[in-house]
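Here's the structure we're looking at; comments come further down.
Laboratory data are not the source of any read-out in this text; all were calculated from the coordinates shown. The structure displayed is predicted, hence computed values, not measured ones. No Cβ is skipped: glycine too gets one built from the backbone with ideal geometry, and neighbour counts run over all protein chains shown.
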Amino acid sequence: MAELEISKPRGRIPTFRVIKIIIGVLFLVFVSWRLFTVLVVEDIYTPATWVRFGISGLVIGGVYSVIAVGYTLVYGILFMINFAHGEVMMLGAFAGYFVFEAFNTIVVDPASELNFLNAYPWLAVLLAFIVGMSVSMVIGVLLEKIAYRPLRGAPRLIPLISAIGASIFLQNAAQLIFGPKRRIYINPDILSRSAGWTLNIGGEEVIVTYTGVFTFVLSILLMIGLWMLVQRTRMGRAMRAVAENKETAALMGINVDGIISRTFAISGALAGAAGVMWGIQNGIIYHYVGFIPGLKAFTAAVLGGIGNIPGAMVGGLFLGVVESVGPAALGIDFQLKDVIAFSILVLVLIFRPSGILGEVLSEEKV
Amino acid sequence: MKNRIFIIMSFLIVFSMILAACGGQDTGEGDEVSGVPEECAENPDETVCAVIAPGSTIKIGFAGPMTGDYSAFGIDISNAQLLAVQESEPVQGFEFELLVEDTQGSGEGGAAVANLYVSDPDVVAISGHTFSGSTAASIPIYEAAKRPMLSASATRADLTIGNEIFNRIPFTDDIQGTNAGNYLYETLGITKLAVLHDGDAYGKGLAEKVMQVFGLAGGEVVAFEALTPGETDYSAVLTDVEAKGPEAIFFGGYYPEAAVIANNMPVVGLTDVVLFSDDGTFGVSFIELAGDQAEGAYATSALPPSSPGEEAFSALFEGTFGDLPGSLSTFSWHGWDVVNALISAIRQTAVLSDDGNLYVHRDSLVDAVNFLTGFQGLTGVISCTRGECNTAGPTFFIVQNGEWVEATK
């Protein structure tokens, strides 16, 4: 070991380390100075306000996580960023929207004008998720077949460009099919967007919306389900084998193309679920709705360590909370929340290039 | 040999001149065609006069975002204008035609479309551009080519300054901001105001004006914040606003963001706070998107109280596109007025000559648009002075029982 350390190239690494330390110290000084100013000197926020910031961040973070896992799954297997993932999510959101619309018009009890949506709300929500996830799953698989499979052997940049093209294509196709109008998700009454449980924090009422809790819990459940799928099932094992080394996996009798297709199917289904969650939580969808969450989720995936499923989960929640609490805690304009998020991304990449929970990449992957 | 060719050529030329003279009008004396405006006869050049051949159309160019995030504005305004062109009476037997090009709302896109339009001599006037940034980039190009512009929606204050060709129907952001700030303080009696905007030239300019006017009037601005446009959740920034205890929120921006704000307000505890916005928010879309949360929200608008013309337009628009005007953007009525005003200016200027061509002297058309007076549109009487064509100030509307009604208080 001692010999190895001596043989390490000297010169460049120490300078980089010094820069790293300087950046780290400057960052800590800046953050503690801002935190001190906001929390002690100005002290404008009550505990209730902080709780509201936290809730807002956790809910959006949950959705980010579900989308981020889709990026991570595909990256883990193909080492490519599927930039059309946000659009797959948007199409899932539209599918769920039409399910809700349809159920809203079906009247089950003419006497009280009770419609299907409010008569069987959970069934309606379940069906919306099933339809949304199926549509996105099909889109995801088709995307892989049409846009990525022909480029399997090409250099890494080529499928990336194809992905950006697919993203623009899907956005504009959605605009042509559904029109440029923003649409409003009709939730069942039990999931009304402004209703919720009321907490009493420091004498102030804080509303925890039903949709927020629903979104957050569902995202955690989806994560756990995916984790079980990848770790405990035969298919999950095959996926991990393909991620490790495609040739060897093929030699072991694994159908590599089939596994890649299924990975896109799972990733698409998760995007569809995220889309329906987005609609239920935020209420407004249009053809462009997947783009920003897609970018954010990509950031979250890199933040948590791309290729790593728990990493995407942690990255998503972390990003959501930082976006919502960060500007307030540092006393910065809320329009700059993305600056904070991306600064943190840069810092994480400097100090932990593989992300918060990044896996140790094998030589071939790097 | 050369001489022979020369002689044959000159015979041919003379012969063809005689033929041309005989084929012309009987009253024609020779090579001079009567009825061509003097300026055009002196300079037979497409940059001075548009010469529209029989069978061609008089083209009006529309430029706005037709794809991308803000496509709703371009599609809505161009739809209203296509209707206006379709309903228009031909001038001297020449039909009007609306060209529609996509700027994507950006300055670069605007300049590209402007270059395209000035390269087509049959394009005599421009409807647009839709967004202020895109308009600013295109004005120098149109000014060099003498194409008058009349915009339905570009409201940045400085656009009408420093050029001779740009006119607009909506009132400027400055006028709107001043009126809104005074209305909030004096009529609604608000003393603590939070001001939000979407960071765009339009929303930010308006928000700054409101903040300034409201502060000068004696009110206190407790927060001034920008939010990221295009998102569907603003609960974090609204939590921050809530902590500062405002009585009302002024939002400078467009309806998609305003609707999200209205939806998020009760969740973060802003239940008794008034939401006050601008003419980018006014319209049925805001109510559709915000639902019950839209109740009690204010917005400004240039829309006049309903008139027979307005009702006819609504019926026609709904019959053609399936939605009421205002469901995609708040500028449907302005779009209709722009094309009709341009057509009326072209009608005044265009001259039919005896050779069957329609001559439009470009400088005269620019003047006709610049000095348009007393044109009765849906949005009021349109009389242009130094580029500002709408003489009426904004009206304030409030959402009551799911509809915009004129605010009485």
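At 1.002 mPa s and 20 °C, plugging the Kirkwood radius over alpha-carbon pairs of chain A into Stokes-Einstein gives what diffusion coefficient in µm²/s?
Values: Rh = 22.2 Å.
It comes out at roughly 96 µm²/s.
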| note | Inter-chain shielding metric for B:223-235, i.e. average beta-carbon neighbours from other chains within 10 angstrom, reads 6
| request: In whole Å, largest first, what are the principal axis extents of the Cα atoms in the stretch A:19-60? | output: 38, 28, 8
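Are there any helices in chain B, counted as whole DSSP H runs, that stretch 30 Å or more along their axis by Cα and score at least -1.0 on average by Kyte-Doolittle, and if so which?
Details: long enough: B:2-23 (31 Å, 1.76).
Span-like helices in chain B: B:2-23.
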| field | Radius of gyration and maximum dimension Dmax of the protein assembly as shown, Cα, Å | value | 31.2, 111
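Go through B:Lys146/B:Lys209; A:Lys20/A:Lys246; A:Lys145/A:Lys337; B:Lys209/B:Lys244 and tell me which ones have a Cα-Cα distance over 26 Å in this structure.
With Cα atoms farther than 26 Å apart: B:Lys146/B:Lys209; A:Lys20/A:Lys246; A:Lys145/A:Lys337.
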| said: So if I take the centroid of the Cα atoms in the stretch B:278-346 and the same for the stretch B:175-189, what is the distance between those two points in Å? | reply: 23
| field | Computed over chain B, Cα set: Rg, Dmax in Å | value | 25.5, 98
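If you take the alpha carbon radius of gyration of the stretch B:134-220 and divide it by 2.2 N^0.38 Å, what ratio comes out, to two decimals?
Values: Rg = 15.8 Å, N = 87, 2.2 N^0.38 = 12.0 Å.
In units of the 2.2 N^0.38 Å rule of thumb, it is 1.31.
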| request: Just the number, please: percent antiparallel of the DSSP beta bridges in the protein assembly as shown, rounded to the nearest 5. | output: 50
| request: Of the DSSP beta bridges with both residues in chain B, give the percent that are antiparallel, rounding to the nearest 5. | output: 40
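Could you sort A:226-235, A:54-63, A:268-277 so that the peptide with the highest average Cβ count within 10 Å comes first and the rest follow in order? All intermediate terms of the calculation are to be shown ahead of the outcome.
Numbers: A:226-235: 13.8, A:54-63: 24.7, A:268-277: 31.2.
Going from most to least packed, we get A:268-277, A:54-63, A:226-235.
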| request: Enter the mean number of other protein chain beta carbons within 10 Å of the beta carbon of each residue in A:52-58, as an integer. | output: 5
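With charges only on Cβ, +1 for K and R and -1 for D and E, what is the dipole size of chain A about its Cα centre, in debye, rounded to 20?
That gives a dipole near 1020 debye.
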| request: With springs only between Cα atoms under 10 Å apart, run a GNM on chain B and tell me which of B:Phe276, B:Phe331, B:Phe94 wobbles the most. | output: B:Phe94
| message | Order A:236-245, B:35-44 from most to least packed using the mean count of other Cβ atoms within 10 Å. | response | A:236-245, B:35-44
| To the nearest whole number, what is the average tally of beta carbon atoms from other chains within 10 Å of the beta carbons of peptide A:175-184? | 6
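Can you give the charge dipole size of chain B about its Cα centre, rounded to the nearest 20 debye, using +1 on the beta carbon of Lys and Arg and -1 on the beta carbon of Asp and Glu?
Using Cβ point charges on Lys, Arg, Asp and Glu, chain B gives about 560 debye.
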| query | How large is log10 I(q)/I(0) at q = 0.16, 0.17, 0.23 Å⁻¹ when the Debye formula is applied to the Cα atoms of the stretch A:277-366, each weighted equally and without solvent? | reply | -0.70, -0.78, -1.14
| said: Can you compute the helix-only [θ] at 222 nm over chain B? Use -39500 (n - 2.57) per DSSP H run of at least 4 residues, normalise by all residues, nearest 500 deg cm²/dmol. | reply: -12500 deg cm²/dmol
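Would you calculate a helix-derived [θ] at 222 nm for chain A, using -39,500 (n - 2.57) for each DSSP H run of n ≥ 4 and dividing by the full residue count, to the nearest 500? Mind dumping the intermediate values first?
Working: 14 runs with 251 residues, N = 366.
After summing the helix terms and dividing by residue count, I get -23000 deg cm²/dmol.
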| Along the three principal axes, how long is the stretch B:174-301 when you take its alpha carbons, biggest first, rounded to the nearest angstrom? | 33, 28, 24
